[in-house]
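First up is the structure itself, then whatever we jot down about it.
Just so you know, all these numbers are worked out from the coordinates, no wet-lab data involved. It should be emphasised that the depicted structure is a prediction, and the values quoted were computed from it without experimental measurement. Here the Cβ is made from the backbone with ideal geometry for all residues, glycine too, and neighbour counts use every protein chain on show.
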Ligand SMILES: C[S@@+](CC[C@H](N)C(=O)[O-])C[C@H]1O[C@@H](n2cnc3c(N)ncnc32)[C@H](O)[C@@H]1O
Ligand SMILES: [Zn+2]
């Protein structure tokens, strides 16, 4: 693999269908599964694509293809939220990611990276580290904008076009996983979170933020107006969908109580060993 972006993650790339190892062809135009060569994925302008349009569920397609159309205006569009809610969302999110533990040589996966804003925020906070940031999204339009921004900033970030609930990575690959702004509308939130925890290393850190107003704001006229204008703000944080392999679960609100933030950690190797036999026993009894 000569593409410096992909070579950064060559060791953890896996076929999303069967988890076989993936290799690039000599022209670097596709990735092929070494376990089943009929599993082949095109690389378009440096971005491997693991999903075809017709494979996307109607619920996900409803949201994602809109982003394809509006990707160029996305960063400016965020400011409309600012005016309406009386906040500075970019500033709020930059502050809200200060607790993400990005260390030397960490591998950080930004899920639904969009135009790459979370990665830019984390890079700014951790300029001294040599960690690897990876961005994935289902909107190729958003990924193209992110790619251009990273090129302009001379940052090497592998970007992949993929579903969030069927990731092309090996188990236990990332030290940190971040996600902002998409989970509320994902078609299958429990399956998606299970997949995220699969690719997270033991003790790895998970950070999630999306629209959703606090219980206090819910009781006010302002809260009612916000929920009335945009139903996404009435949604509850997806705590009940978090898989059992997590610990230190923390819920906070930001941006004047209009967005939630969940942080947690995957169990340690030792803790996971304790969870595992129980599950086997449980399955055997069923
Ligand atoms: C509001 S934007 C947030 C972008 C970025 N995380 C940020 O905070 O600026 C939501 C992003 O989620 C992506 N998205 C929505 N549904 C998705 C899905 N099912 N799989 C992958 N990405 C998805 C969209 O394409 C879009 O880029
Ligand atoms: Zn395969």
Find, to one decimal place in angstroms, the Kirkwood hydrodynamic radius of segment 9-77, where the mean of 1/r is taken over every pair of different Cα atoms and then inverted.
13.9 Å
For segment 1-40, what log10 I(q)/I(0) values come out of the Debye formula at q = 0.19, 0.33 1/Å, with one point per alpha carbon and no solvent?
-0.48, -1.16
Nearest 5 is fine: what % of DSSP beta bridges in the chain come out antiparallel, could you say?
55 percent
Please say if segment 21-148 is rounded, prolate or oblate, where rounded means a/c under 1.5 for a ≥ b ≥ c the square roots of the C-alpha gyration tensor eigenvalues, and otherwise the choice is prolate for a/b larger than b/c and oblate otherwise?
oblate
Only Cα pairs under 8 Å and at least 6 apart count here; give the relative contact order of segment 3-129 as a rounded whole percent.
11 percent
hull vol. (C-alpha, convex hull) per residue for segment 162-286, Å³ -> 128 Å³
Compute the Cα gyration tensor for segment 104-194, then decide on rounded, prolate or oblate, letting a ≥ b ≥ c be the square roots of its eigenvalues: rounded whenever a/c is under 1.5, prolate when a/b is larger than b/c in the other cases, and oblate in all that remain.
oblate
If contacts are Cα pairs under 8 angstrom and at least 6 residues apart, what is the relative contact order of the chain in percent?
16 percent
Which ordering of 81, 41, 62 is given by a fewest-first count of other beta-carbon atoms within 10 Å?
62, 81, 41
Cα-based Rg / Dmax (Å) for the chain
19.1, 61
May I ask you to derive the relative contact order of segment 74-130, considering only C-alpha pairs under 8 Å and at least 6 residues apart, and to give it as an integer percent?
35 percent
How large is the helix-only mean residue ellipticity at 222 nm for the chain, computed as the sum of -39500 (n - 2.57) over DSSP H runs with n ≥ 4, divided by its residue count, in deg cm²/dmol to the nearest 500?
-10500 deg cm²/dmol
Taking a ≥ b ≥ c as the square roots of the eigenvalues of the Cα gyration tensor of segment 78-140, is the shape rounded (a/c under 1.5), prolate (a/b larger than b/c) or oblate?
oblate
